[in-house]
1. For the structure I just gave you, tell me whether residue 227 is surrounded by 15 or more Cβ atoms within 10 Å (Cβ to Cβ), at pLDDT 95 or above, more than 19 Å from residue 37 (Cβ to Cβ) and in contact with a helix residue (DSSP H, G or I) (Cβ under 7 Å, 6 or more places away or on another chain).
2. Kindly establish whether residue 165 is assigned to a helix (DSSP H, G or I), surrounded by fewer than 17 Cβ atoms within 10 Å (Cβ to Cβ) and modelled with pLDDT of 95 or more.
3. Of everything in segment 172-205 that's in a helix (DSSP H, G or I) and touching a strand residue (DSSP E or B) at 6+ places or on another chain (Cβ under 6 Å), which residue is farthest from residue 86 (Cα to Cα)?
4. Collect the residues in segment 248-278 that are assigned to a helix (DSSP H, G or I) and within 15 Å of residue 86 (Cβ to Cβ), keeping them in residue-number order.
5. For segment 95-117, name all the residues that are modelled with pLDDT under 90 and either touching a strand residue (DSSP E or B) at 6+ places or on another chain (Cβ under 7 Å) or more than 30 Å from residue 275 (Cβ to Cβ) (or both).
6. Return the residues of segment 208-224 that are closer than 19 Å to residue 169 by Cα and either surrounded by 18 or more Cβ atoms within 10 Å (Cβ to Cβ) or touching a residue at least 40 places away in the same chain (Cβ under 8 Å) (or both); say none if nothing qualifies.
7. So residue 308 fits all but one of (1) closer than 28 Å to residue 99 by Cα; (2) at pLDDT below 95; what number is the exception?
8. Picking from 171, 181, which residue would you name as being modelled with pLDDT of 95 or more and under 20 Å from residue 261 (Cα atoms)?
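The values are calculated or read from the model by the stated rules, or taken from the named source; none is laboratory data. Being a predicted model, the structure only gives us computed values, none of them experimental. Cβ atoms come from the backbone with ideal geometry, glycine included; neighbour counts cover every protein chain shown.
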């Protein structure tokens, strides 16, 4: 009897250590796998049988996925902001390229040339060359202003196009999370922790967090619900698709809505939030600033012209 107990204990120990070595090998093999979380084996003593008081060796009690949910929450929260700022930075870099400052043909330069032409004309109003220079400089200012305004309109259109791609990716990731939810529920029902499947799902959630502000809720059976703007994007194994609807009142740009009922999705951050902010707020504000500047120049020039006198007196 004692020999049998000893042999069984030795076999259990070998099997447990083999599983521990398998976990180590799995960790090493996936050291460069995106989203992989280290796995750790938990061992536990086997209780003694009968009244002998002697234990029966060791068993594997479970496999732990080494992952900190609090850190995940913090990373995803910061990912919302990072995605937002990156989308804005991409659009603003195009604005910077359009303005091309400092340069010889930028707005600042042509405005300088315009005012210099007026100064030269004030010093020699009788010279036709000076008058022609003012007209030409004014036409150049108008051309550059129109070019810049069109560039910002084009950048808004580019943001709208990128919005289509980003929302499409959100829907695909939502389907991926729902599919992984189904598989995780099935695997965990067998007693397996489904660690690798959960890693894949977390990787999808990390990317979703870059695209939009979201909130997640994990349930006892292992599935995760994903909420955007207070409504479920993923609920168990089902998804609520986001749709893009053309808005004629906003230059035929897209509105972001829930496909099920057409209610607007209030996305405030992430790449989608940044694109919406650039398209509908930042870039129109810059266009308005440009228009206000040109309008003020026109007003001032017209006032100066009205206060002057003709060449013949």
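1. Values: surrounded by 15 or more Cβ atoms within 10 Å (Cβ to Cβ): yes; at pLDDT 95 or above: yes; more than 19 Å from residue 37 (Cβ to Cβ): yes; in contact with a helix residue (DSSP H, G or I) (Cβ under 7 Å, 6 or more places away or on another chain): no.
No.
2. Numbers: assigned to a helix (DSSP H, G or I): yes; surrounded by fewer than 17 Cβ atoms within 10 Å (Cβ to Cβ): yes; modelled with pLDDT of 95 or more: yes.
Yes, satisfied.
3. Applying the first criterion (in a helix (DSSP H, G or I)) to segment 172-205 yields 172-188, 195-205.
Right, trim to touching a strand residue (DSSP E or B) at 6+ places or on another chain (Cβ under 6 Å) and you get 174-175, 177-178, 195.
Details: 174: 22, 175: 25, 177: 24, 178: 28, 195: 32 Å.
Ranking the qualifying residues of segment 172-205, first place goes to 195.
4. So the first thing to find is which residues in segment 248-278 are assigned to a helix (DSSP H, G or I), and the list is 248-250, 270-278.
Scanning segment 248-278 gives 270, 271, 272, 273, 274, 275, 276, 277, 278.
5. 104
6. Narrowing segment 208-224 to residues closer than 19 Å to residue 169 by Cα: 208-216, 224.
Of everything in segment 208-224, those that are closer than 19 Å to residue 169 by Cα and either surrounded by 18 or more Cβ atoms within 10 Å (Cβ to Cβ) or touching a residue at least 40 places away in the same chain (Cβ under 8 Å) (or both) turn out to be 208, 209, 210, 211, 212, 213, 214, 216, 224.
7. Result: residue 308 passes all but (1).
8. Numbers: 181 fails: under 20 Å from residue 261 (Cα atoms).
Just one listed residue meets the conditions, 171.
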